[in-house]
Amino acid sequence: MNENVKTAAYVAVAALFGLVGWWTLPGTQNVSEDQKVGQPLFPKFDDTAKAASLEITWYDEPLSLVKSFKVAKVGGKWVVPSHNNYPADAEQQLRDSAKSLFDLRRLHVASEVAEDHELFGVVEPPQDQGGTTKKGIGKLISLQDEQGNDLVRMVVGKEVDKNPGQRFVRIAESGGNLTDQVYVAKIELDKLPTEFGKWIERDLLQLNPNDIAQLNLKDYSIIRTRNQFGTENRVQLKMDSTVSWNTLEGSWNLDRFQLYDDRQRPHDAPLGEGEELAKTKLDDLKNALDDLKIESVDRKPEGLGADLTLDEKLTGNQGAMESLAEHGFFAGPRGGKLELFSRNGEVIADCKDGVRYILRFGDVASVDGAALDKLNRYLLVTAQVAEELLPPPVLEPEPAGPATTEPAKDAPEKPATGASGGDCQEQAADQDDAAQDAKAPPTKAKAAGKAPAGAKPTVPAAPKTEAAPDPAQARRELIKKENERKLKEHEDKKRKAQGRVAELNARFAQWYYVISEDTYKKIHLGRSDIIQEGATAKDSGFGIDAFRKLESDGLKKSPPPSTGGGGFGGFSPPPGAP
C-alpha cells in the first residue's frame, strides 16, 4: 500500500468516527421508533379535566357517507351538538370515555410506511361527503381542550389478531398532521360509542311503577278537515277513563269510564255483566311507563311553556304552530281555553308522591340510523302537582281547657275597712313613730324579740296552695303535637312534590321526545284493551261463544243500549243519524 492510499484510508476512518461522535452529542440524538415503545401516545393529555370536546368521524361504506358524532362542553355542561345541544347527562359514559383515552401508550411499532395504512385499516376518513374508492378507512378520534387544541388526535384501525383490545393506530403529532407510522395501542372502542342514546340518560320519566296510584286514559284523535275557510283540525273524542291501583288488594279499580258517540256526547259506560278490567294490559302499561326510553329528541319552538299551555306569543307564531303540527300536536279549545292536543291521545299517570305525568302522543317519527322497519313516535311530556293526591290532613279537635278568671282591669284600689280622713291622719302619725323607732336604739323588749307595748300582733301569711292538675292537659298537648306533626308532614310532601315537578319540567321543557312505537302501543290503550270478558262470563251464559250461539239460532241482533258495550263506544245511533 503506497502512502497516498494509506492517507486516504486514515482520513476515511477519522471521518467515520467523527460522524459517530457528532450523532451521539446531547441534543442532537434522533430517537428511533423502537425506542418510543412504552412511551405515551399523547403526553400533553395529562389531565382528563382538560377535555372540552370529543368528536368521532367515520365512513359509512353502505351509504357512502362520512358521519361524525360529537359531545362538547357548552356553558360548563356536556351536550350533544348534533341533537340541538341536548344534555349529555350519562355521567358514567363521560367518565369511561375520558378514561379510555387517558395515558395511551405505544405497545409496538407495526409500520413506518404509508403503503401499509390500508392493510392496518388506519386510512384517514375523507373530509367531504362524496364517495371514495379508498379501503381500510378507520375512525378519526379528536379530543380537544377549551382553546381548540388537540389533546388526542388519531385514526383507530383494525384489531390486532390474537390480542383482543389492541388496535393499530396512527397519531397526529406537531402541527396536527397524522404521521405515517403505525403503532399498536390498547384502546377500548366500546367506551367511545357514536350512538346518541349511549351519551344521555334514556330513562325518560324516572319513576317507580309501584308508586303509580292512578291512570287517566284519554283516547282521541285529530281529524284534519277542509271547509270553505280552509283546513281545520277537529278533535274526535273516543274514551275518557280513570283507573286506580288498590295496593292492599293488588287489583285495579274502575273509577270513571266515559265513551263518546259520533256527535261527541259523553255517556257513562260502567262495566257490563261478565266484563272486567284487563289487569295484564294495565300492568303492562304501568311497567311500560317505567321502561319509557328516549330514542331521539328534537327541540320545541319558543313560546311553548313547560306546562304546555298555549299563550298569545305562541299562537301568533306561524313557524311555531307549523313546528307543532309537523310533530303531530295542535291547538284546540277545552274548558273555555285553548289547549294543546295530540294526534293520538294522552295518558296521565299520578304517583303516590303527588307528581302527575302528562304524556301526549304525536305523529310517527324517524330516527337517524334506525332500521327501516322500526317505527318511532313523537311525545310531549309535562309534570304537575296532583293536588287531589295530597289532601290536607284530618286534624283531631283539641279538648277545651279549664275556665280562667281574670281580675277586672282599671278597677279602683279598695281602701282598708273602716278607713276615713281621721284614720289617714292616724296612719301618717304611726308611720312617723315607726320612723323614729327605726332611728332609736333597740329597747330591751325588742332585743328580746318581744313586741313593744301597744304594737299590733303580726298575722302569719296563709300557706300557698298549688292548683289541682288538669287531667285533660296532657291529652290536649298530645293532640296538639300530633296535629302539628300531620300539618308539617303534609307541607313537606307538598313541597317535595312541587320541587320534583319543577325539576322534571326543567328537563322536559325544551324537547319533543322520540320513543319506540312498541312502547307506545303498550301505553296508548283503548276500550277493547282495558276491558275484557270475565272469567265466569262463559259459564254464566254471557260469553262471546254464548252470544254467537244465540245469534246463529236466529236471535235478531238489537241496537246496543247507550251504556252497553256494542258498536263504537256502545252507543245507539243518535236521532237523525244515517
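The values are calculated or read from the model by the stated rules, or taken from the named source; none is laboratory data. Everything numeric here is computed off the predicted structure, so don't read it as measured data. Cβ coordinates were reconstructed from backbone atoms using ideal geometry, including for glycine residues, and neighbour counts include every protein chain displayed.
For a quick check of your reading of the model, give me the residue pairs whose first member lies in the stretch 213-242 and is more than 15 Å from His267 (Cα to Cα) and among the charged types (D, E, K, R), whose second is modelled with pLDDT of 75 or more and surrounded by 18 or more Cβ atoms within 10 Å (Cβ to Cβ), with beta-carbon atoms closer than 9 Å and at least 6 apart or on different chains.
Arg224/Phe330; Arg234/Ile222
Restricted to the stretch 242-283, and to residues that are surrounded by fewer than 12 Cβ atoms within 10 Å (Cβ to Cβ) and part of a loop (DSSP other than H, G, I, E, B), which residue is nearest to the chain's Cα centre (by Cα)?
The extreme case among them is Thr247.
Can you pull out every residue in the stretch 51-98 that is out of contact with any helix residue (DSSP H, G or I) (no Cβ under 9 Å at 6 or more places or on another chain) and part of a helix (DSSP H, G or I)?
If the condition is that a residue be out of contact with any helix residue (DSSP H, G or I) (no Cβ under 9 Å at 6 or more places or on another chain) and part of a helix (DSSP H, G or I), then Pro81, Glu91, Gln92, Leu94 are the ones that fit.
Taking interchain pairs and intrachain pairs at least six residues apart, which have beta carbon atoms under 9 angstrom, with the first residue in the stretch 272-288 and hydroxyl-bearing (Ser, Thr, Tyr) and the second at pLDDT below 95?
Here the result reads Thr280/Gln532, each pair linking the stretch 272-288 to a residue that is at pLDDT below 95.
Evaluate the stretch 52-74: report whether one residue or more is at pLDDT 85 or above, charged (D, E, K, R) and more than 27 Å from Phe168 (Cβ to Cβ).
yes
Kindly list, by first and then second residue, each pair from a residue in the stretch 45-68 that is free of Cβ contacts under 8 Å to residues at least 60 places away in the same chain to a residue that is basic (Lys, Arg), limited to pairs with Cβ atoms under 9 Å and residues at least 6 apart or on different chains.
Pairs found: Thr48/Arg95; Thr48/Lys99; Asp60/Lys67.
Basic (Lys, Arg) and either outside the structural domain of Leu215 (by TED's automatic domain parsing) or in contact (Cβ under 8 Å) with a residue 60 or more places away in the chain (or both), is that true of Arg360?
No: the conditions fail for Arg360.
Can you name every one of the strands (runs of 3 or more DSSP E) wholly within the stretch 112-215 that holds 3 or more residues which are farther than 29 Å from Ala88 by Cβ and over 32 Å from the mean Cα position of the chain (by Cα)?
The strands (runs of 3 or more DSSP E) meeting that bar are 182-186.
Restricting attention to the stretch 289-309, report how many residues are in contact (Cβ under 8 Å) with a residue 60 or more places away in the chain and out of contact with any His (no Cβ under 8 Å at 6 or more places or on another chain).
13
Looking at the stretch 220-233, is at least one residue surrounded by 12 or more Cβ atoms within 10 Å (Cβ to Cβ) and modelled with pLDDT of 90 or more?
Yes, some residue in the stretch 220-233 is surrounded by 12 or more Cβ atoms within 10 Å (Cβ to Cβ) and modelled with pLDDT of 90 or more.
Could you tell me which residue of the stretch 41-50 is surrounded by the fewest Cβ atoms within 10 Å (Cβ to Cβ), considering only residues that are touching a strand residue (DSSP E or B) at 6+ places or on another chain (Cβ under 7 Å) and either assigned to a loop (DSSP other than H, G, I, E, B) or not assigned by TED's automatic domain parsing to the domain that holds Tyr183 (or both)?
Out of the qualifying residues, it is Lys44.
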